[in-house]
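Data block below; observations after.
The values are calculated or read from the model by the stated rules, or taken from the named source; none is laboratory data. Note that this is a predicted model, so its numbers are computed, not measured. Note: ideal-geometry Cβ built from the backbone for every residue, glycine included; neighbour counts use all protein chains shown. Side chains are part of the model used for accessible areas, which takes the heavy atoms of the whole protein and leaves out ligands, DNA and RNA. Shrake-Rupley method; radii C 1.70, N 1.55, O 1.52, S 1.80 Å.
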Amino acid sequence: MNELTEFEQANLPLITGYVALKKTIDEYSSQKKKLENELKEQMEKYDVKSIDNDVLRATLVAGSESKSVDLKEFKKHEPDEYLALMADYPKKTVRKPSLRITVKK
């Protein structure tokens, strides 16, 4: 028996428990999104900007637009300037180790 098979057999309850919980969370997340959209529509319909009561606080935030620099396009069209910019203003991002999980249907 190889290590992967041994791991899967030893951790089958953990794996199946995770999959079941993930499916439940996804279902509730979908329901939550539908309720949020319905509440937003009702607030817009009644022209309510915010509500704050014993069970919830909700604020209708107006849409907005922002602008930023598309560094991929800048790099493609201005490669020399991009390299100079990266040399002058480097930014280092450290990411912690993580676990990426995809639940198959």
Cross-link reach from residue 72 to lysines, straight Cα distance under 19 Å and at least 8 residues apart if same chain, gives 91, 92
DSSP loop trypsin sites (Lys or Arg not before Pro) in the range 29-68 with at most 16 other Cβ atoms within 10 Å of their Cβ, which ones?
49, 67
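Under a 1.4 angstrom probe, counting protein chains only, how are 89, 18, 82, 28 ranked by accessible area, largest first?
Details: 89 160, 18 90, 82 35, 28 140 Å².
Result of the area sort, largest leading: 89, 28, 18, 82.
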Lysine pairs meeting the criterion (Cα under 18 Å, 8 or more apart or interchain), as found in the range 1-69
8
For the range 15-54, what does the convex hull of the Cα positions come to per residue, in cubic angstrom?
74
Give me the percent of accessible area attributable to carbon and sulfur for the range 51-105, probe 1.4 angstrom.
53
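Return the calculated 222 nm mean residue ellipticity for the chain, to the nearest 500 deg cm²/dmol, obtained by summing -39500 (n - 2.57) across DSSP H runs with n ≥ 4 and dividing by the residue count.
Numbers: 4 runs with 59 residues, N = 105.
Value at 222 nm, helices only: -18500 deg cm²/dmol.
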Give me the accessible area per residue for the range 20-95, probe 1.4 Å, as a whole number in Å².
100
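Any idea what the alpha-carbon Rg over 2.2 N^0.38 Å comes to for the chain?
On the way: Rg = 23.9 Å, N = 105, 2.2 N^0.38 = 12.9 Å.
So the chain has a normalised radius of gyration of 1.85.
Please report the projected area of the range 59-101's Cα convex hull averaged over all directions, in nm². Kindly include the intermediate steps, with their values, before the conclusion.
Details: hull surface 27.1 nm².
It is 6.8 nm².
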